[in-house]
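The values are calculated or read from the model by the stated rules, or taken from the named source; none is laboratory data. In this text the structure is predicted, and so the values were computed from the model without any measurement. Cβ placement follows ideal geometry from the backbone for every residue including glycine, while neighbour counts extend to all protein chains displayed.
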Amino acid sequence: MSALARLLLLVLLAFAGCQREERSFRADPVATESIEKVALVPLSPGPSGPVTDTSGKGKEYENNAYHLAQGKTLYKWMNCNGCHANGGGGSGPALIDDLWIYGGSIENIVQTIREGRPNGMPSFRGKIPDDQIWQIAGFVRSMSGNVPKDAAPGRDDALHPRPAENRTPEFPPVSGGAPPPR
Amino acid sequence: MKAHRLAEDLSALPTYGFGTSMTMWWGTLGFCALEGMGFALAIGAYLYLVHVNAQWPLADVPPNHWPGTILTIILLASIWPNLQAERRAREENLPAVRRWLIVMCALGALLVAIRFYEFTQLNVRWDQNAYGSITWIILGLHAAHLLTDLGDTAVLAALMFTRHAKGKRFSDVEDNAFYWYFVVGSWLPLYLLVYWVPRW
Amino acid sequence: MSDALARRDERDLRDTMVDGSELHARLAKTWGTGRGLIAALSTVDHKIVARRYLVTAFVFLFLGGLSAAAMRIQLARPENQFIGPDLYNQLFTMHGTTMMFLFAVPVMEAVGIYLVPLMLGTRNIAFPRLNAFSYWVFLFGGLFLWVAFILNIGPDVGWFAYTPLSGPQYSPGKRTDVWAQMITFTEIAALATAVEFIVTILKQRAPGMTLDRIPLFVWAILVTSFVIVFAMPAVMVASTMLILDRLIGTHFFNPSEGGDSLLWQHLFWFFGHPEVYIIFLPAAGMVSSIVVAFARRPALGYLPLVLSLIAVGFLSFGLWVHHMFTTGLPQLGAAFFTANSMLIAIPNGIQIFCWIATLWGGKPVFRTPLLFVLGFFFIFVLGGLSGIMLASVPIDTQVHDTYFVVAHFHYVLIGGAVFPLLGAVYYWFPKITGRMMSERLGRWNFWLAFIGFNLAFFPMHLLGLQGMPRRVYTYQPEMGWGTLNLLATIGSVILLISFVLFLWNVVSSNRRGEIAGDNPWDAGTLEWATSSPPPPQNFDRIPLVTSREPLWAERGPLPVVGGLAVDMRQVVVGTVTEARPILRESSPEPSIWPLFAAIAVGGTFLGSIFTPWAVVWGSIPVAITLIGWFWPSGSPEDEK
Amino acid sequence: MSRFSLFLLPAIGFALAGCRGWQSALDAQGPQASELAWLFWIFTWVLGAIWLAVMIALAAALLRSPASRPDPLLVNPAQDRRYAAVVASLAVATGVVVLVLTGLSVVSQRNLFRVEEEAVTIRVTGRQWWWEIRYEEADASRSFTTANEIHLPVGKPVKIILNSADVIHSFWVPSLMGKQDLIKGQENDIRLVADRPGIYRGQCAEFCGLQHAHMGILAVAESQQDFERWRDAQIRPAEPPGDPERQKGQAAFLTQPCIMCHSVRGTPAGGKVAPDLTHVGSRKYLAAGTLPMSRGNLAAWIVDPHGIKPGVNMPTIKLQPDDLNAIASYLEGLK
């Protein structure tokens, strides 16, 4: 019996992974910005790609169900849908497609939210605490299916404009798209 | 073990029978009861949702009832071959039982195929609204019954072509036929619910 | 005799042809389980399956008890920092879920699986392979839940999992999916067992055991099984809807798309209230057995007792709304359910009166089983009466979802089910193991449990009235709830100690207890006619029943029937009302396929919380294992 | 039996002690709560007496000296018939008691939910894990929003409309009225009256997630004049701060993340997802009945909300100690 229990344990470990369910309420260290060296494009001179150096915080956020769900709530609370609507885009670009003007990695998205972008995207540094920016960025990744399906949020108790993130097919990010006209 | 004295000899009793004499018949009845309760609760949930929504159905077009109606007619018609299978089993008439089981398999396969087509004709998706969800789950619940009974009948039909096709196996055939009546009977209220309540 | 010997060669040996130890040995060989791991995993012996069920259910009882102890430590003083809200919410969910789904219902079924065939004088439960399957499914469901908890995927939405809190928006991750699928596991097990009981009791009673000679415990199991058949599908439908909402975006509980969160509550409590009686009714049957055995006389009011059981079973379906009095339902409807809820006091009252009258008219023998039954009276009557308060809409608006309710249902469930269960263990332990449990430890066990229980739960009534809501992980010092909570914690520690004592008594008595003999209590029902522990065939010959208490009526040799096969598994099948024998139906032999089927089903459910396609792909192994299960192996049992 | 009564004595003592306390169902402060307490005590006495009678009967059954009967089947049919008659009459008596109690309950229910013309309408919206409170007036300019504290004039019927923005909560101020659930997509209401001025505490009574334990609400009953004064003050926007410390605090508040969620009427802070802070300093408690209002507690709450209410939606933000103190004093001054 114990052999069976151990087997079941292994299967569960393989499928779920504990970190997907961890609920860390208090970011540590408190509200400190991590330094992410990221590139906006996949190109750089020479044989190798651009030189990047990320803190690894991204995985922690985009693989975690609780963070993604918080990100989904904050996306509405911080009025992201004011410009991006439910992800289909409005005065801001669409977030559910594969096209990323300023890079589609979670670090890119964090930078986009933190620093803002020309033509309308405001900078939220100091307005949204850093860990919440990560949560929102993780959720934005889930909108195009780029987070694990078993961590992605389900539907909201609201009108449903599109299938929820846990049913969104994966659109790997590609560089492209045009900044919205002013 | 307490000392005992023999008071009665049951040596002459048969080892199998048909209908209510067998434990299996009662077991099947038990499963019909609990599955029937499942259907009843799904119907209750449907009517509850009708009650809480001012407008019903929550879709522009009610489902296309024709596939469902055809399925209902075939289901009702299948009672006759099913009855034949049941009677021939009681008579332990192996060739006839084989024949009618194959007919029932064919009918079952046809019904499953129609059921898959039915889903495409509901004019609502399960994730569109609560009306779509409850319609799909009701149809799905019954589809599961069609599928399992088809599997059951197919295995039994195969069994009747082996050396095991004797004795109490005929009782199994009868039992399978009994379950089919439940599959047919439980569909009728669901049919009205899925196809005609939205038109009401 | 020579004629009989000649027929031996035809491989159709009947129990009329052999006798004594040869008959016993041959039957034991036919019905035995065999040696080795494969044989152990293939067994279909109801006694072995029941023992596994019992042990597993008690392991879950201890796990549930430990989670309760952790919660009590956290609540012992205001603003305690022992555990935080996240773990606390998981703990109380695990506690409730474990106690209801993995302990209370399975343990009652386990006792039934062990005793019902013995009390009915048959050799195995109906559909023994289904029985083995249901155990495996239950085990996998329980392991699934607890392994998930250890991996920090433990559900945290309460054992009632109200939407929208348990829905996709407010319960991220897999935690609630684990809960919803665990429900499916355990309900499949319970439903299968219920069908087995119904068929066993209706069809496999010993010849002569007419409906009015069925032991009261068996009646209780029969009524319980019907309640299970009609109540449990509700929670399966509900948990399926919940998981569909969470995984594939249906809208059953989404008010913005035509759904309704109260639909969940209706479906859940349509199951949830009968659930209480699913747990209580078998316990009532145990009380009847123990009262009759220790009052040393037949039950006074057999018919009223049976009718009360049936009435409780029926009425239990008309009470569910009293869990929803504060949800804003129409006032008139709520008042109707007040009347209904109070009505159930009448059949329950009749049972209590009949038991007391039986004790009054008998000559009570004060042994540990009876002590636990007396504890049951003290606690359960109090819990039942506070239940009448909860049935009243106005009073319910004050005490609903407070510690008053926590106190009430622990009085009902621990008093009404656990105390009789412990009494039942002391009572039937000699039958199961062949050894008596220690009477001295038993008395310690009882008094510690009794005092600990009342100390732990009586103060909770007062806490509820003082405004302490349920399911809070802490409270502020200025609320003034500290003293009573500390008292409750001390009581729960004493209660826990009593259970450790119980465990010790079970383990040590199993090794060194006094040898019991067939009928240590001189009780009257058929399970005491066979040896302790019973042989694989239960009885060498099937008893012929002439009375409600056959062993009291037949002080001499027991009348039996003969003519069943010896070299293959056969049981007597009779008519439903009179138990007139009509068939010598064969009973399935051991098979490994139920285990494989349970693994296939378990894997399918496990996969389905990650992708709906698991149901499609999982159906293939499920179908293969089921065919393996039902395909005849060519054994005599299969062919005759 | 003496053992039992020994145990019961302290229990009864605790029961009497339970009548006091500021969140007690038996400390009735209005007609609704009094009706409930009255019904509760009737039930308690009747059912307690029944329990006692059953226990006495049980004890008598056990202790009476039994006739010696070696054979369990040897029962006296005439005696059994007498017992059966007793059981039958007890069953009838149970039925009568149940009927009477049901009748009392139904009458009480009608009294409890009787609809009276309300003097004040309060809309309470449950949120994870605080109460949004809106006083609704026909004159929209006299409607206003606050949080976690309701005020009501003594002796006047108050209608409370209950709704939820997320999961199910339950509104319960035991000294005034029984509880009623707040459910998204559904509007419930209750009516209550407070007889005496005082502060009555309530708490969410339906499990609503991580911080269900810290979701308190205060009901402040006061005289009509006090209530009017309070209401007029609440309607006004926040007064601009006078002293430099608080001016600094306001400036810091407006540049920090605070404004993404909180509103202070009369300033640019217009967030809609967290409690309205316009008159936060006038409230008696912070963080939904969790901390008494004080500058120190405000600072503690701002600097580490997750230490106090782990999992709450208020984020931990980075603040300089100076700014923290200034913001706390600014908020404390928002009377």
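Flag: C:Ser508 matches the condition of being at pLDDT 95 or above, more than 8 Å from chain B (Cβ to nearest Cβ), at negative phi and surrounded by fewer than 19 Cβ atoms within 10 Å (Cβ to Cβ). Of all residues in the stretch C:594-615, those being over 26 Å from the mean Cα position of the chain (by Cα) and either away from chain B (no Cβ under 11 Å) or closer than 23 Å to C:Ala40 by Cβ (or both) number 7. Considering the stretch B:132-165, the residues that are in a loop (DSSP other than H, G, I, E, B) and either free of Cβ contacts under 8 Å to residues at least 60 places away in the same chain or touching a Ser or Thr at 6+ places or on another chain (Cβ under 7 Å) (or both) include one that is nearest to the other protein chains (Cβ to nearest Cβ), namely B:His164.
Tallying residues that are surrounded by fewer than 24 Cβ atoms within 10 Å (Cβ to Cβ), more than 9 Å from chain C (Cβ to nearest Cβ) and part of a loop (DSSP other than H, G, I, E, B) within the stretch D:160-208 yields 5.
What are the residue pairs meeting all of these: first residue in the stretch C:571-584, first residue within 11 Å of chain B (Cβ to nearest Cβ) and in contact (Cβ under 8 Å) with a residue 12 or more places away in the chain, second residue basic (Lys, Arg) and part of a loop (DSSP other than H, G, I, E, B), Cβ atoms under 7 Å, and 6 or more apart or on different chains? Matching pairs, first to second residue: C:Val571/C:Arg123; C:Gly574/C:Arg205; C:Gly574/C:Arg580.
Scanning the stretch C:434-470 for residues that are surrounded by fewer than 19 Cβ atoms within 10 Å (Cβ to Cβ) and either of a type in the set (Val, Ile, Thr) or at the interface with chain D (Cβ under 8 Å from one of its Cβ atoms) (or both) yields a count of 1.
Listed by first and then second residue, the pairs linking a residue in the stretch C:405-428 that is within 21 Å of C:Pro369 (Cβ to Cβ) to a residue that is of a type outside the set (Phe, Trp, Tyr) and not in a helix (DSSP H, G or I), with Cβ atoms under 6 Å apart and 6 or more places separating them unless they lie on different chains, are C:Tyr426/C:Met437.
Pairs meeting the criteria (first residue in the stretch D:215-237 and of a type in the set (S, T, N, Q), second residue assigned to a helix (DSSP H, G or I), beta carbons under 8 Å, at least 6 apart or on different chains) are D:Gln234/D:Ser282. A single member of C:Leu382, C:Leu390 is within 13 Å of chain D (Cβ to nearest Cβ), farther than 30 Å from C:Glu514 by Cβ, surrounded by 24 or more Cβ atoms within 10 Å (Cβ to Cβ) and over 20 Å from the mean Cα position of the chain (by Cα), and it is C:Leu382.
As an exercise: evaluate B:Val124 against (1) in a loop (DSSP other than H, G, I, E, B); (2) touching a Lys or Arg at 6+ places or on another chain (Cβ under 9 Å); (3) among the hydrophobic types (A, V, I, L, M, F, W, C) and give the number of the one condition it does not meet. Exception for B:Val124: condition (2).
In a residue-by-residue description of the stretch A:97-108, the property of being aromatic (Phe, Trp, Tyr), surrounded by 15 or more Cβ atoms within 10 Å (Cβ to Cβ), touching a residue at least 40 places away in the same chain (Cβ under 8 Å) and closer than 28 Å to D:Thr316 by Cα applies to no position. Residues that are among the charged types (D, E, K, R), closer than 30 Å to C:Pro534 by Cα and either without any contact (Cβ under 8 Å) to a residue 12 or more places away in the chain or not in a helix (DSSP H, G or I) (or both) within the stretch C:433-485 comprise C:Arg435, C:Arg440, listed in sequence order. The residues listed here are C:Val107, C:Val18; of these, the one that is among the hydrophobic types (A, V, I, L, M, F, W, C) and either buried (at least 20 other Cβ atoms within 10 Å of the Cβ) or in contact with a Pro (Cβ under 9 Å, 6 or more places away or on another chain) (or both) is C:Val107. Checked against (1) at the interface with chain C (Cβ under 9 Å from one of its Cβ atoms); (2) modelled with pLDDT of 95 or more; (3) in contact with a Leu (Cβ under 6 Å, 6 or more places away or on another chain), B:Asn129 passes all but condition (2). Considering the stretch C:133-174, the residues that are surrounded by fewer than 24 Cβ atoms within 10 Å (Cβ to Cβ), free of Cβ contacts under 8 Å to residues at least 60 places away in the same chain and in a helix (DSSP H, G or I) include one that is nearest to the chain's Cα centre (by Cα), namely C:Leu143.
Condition check ((1) assigned by TED's automatic domain parsing to the domain that holds D:Ile217; (2) at pLDDT 90 or above; (3) over 27 Å from D:Val106 (Cα atoms); (4) among the small types (Gly, Ala, Ser)) across all residues:
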{"residue": "D:Arg20", "(1), (2), (3), (4)": "no, no, yes, no"}
{"residue": "D:Pro31", "(1), (2), (3), (4)": "no, yes, no, no"}
{"residue": "D:Ser34", "(1), (2), (3), (4)": "no, yes, no, yes"}
{"residue": "D:Leu39", "(1), (2), (3), (4)": "no, yes, no, no"}
{"residue": "D:Gly48", "(1), (2), (3), (4)": "no, yes, no, yes"}
{"residue": "D:Ser65", "(1), (2), (3), (4)": "no, no, yes, yes"}
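Considering the stretch A:126-182, and only residues there that are in contact with an Asp or Glu (Cβ under 7 Å, 6 or more places away or on another chain) and without any contact (Cβ under 8 Å) to a residue 40 or more places away in the chain, the residue that is farthest from the other protein chains (Cβ to nearest Cβ) turns out to be A:Gly145.
Matching residues to (1) touching a residue at least 60 places away in the same chain (Cβ under 8 Å); (2) more than 14 Å from chain D (Cβ to nearest Cβ); (3) within 23 Å of C:Val321 (Cβ to Cβ); (4) in contact with a Lys or Arg (Cβ under 9 Å, 6 or more places away or on another chain):
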residue	(1), (2), (3), (4)
C:Asp212	yes, yes, no, yes
C:Val218	yes, yes, no, yes
C:Thr224	yes, yes, yes, no
C:His251	no, no, no, yes
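Please verify whether C:Gly64 is part of a helix (DSSP H, G or I), within 26 Å of C:Val560 (Cβ to Cβ), of a type outside the set (S, T, N, Q) and at pLDDT 95 or above, treating the condition exactly as stated. No, not satisfied.
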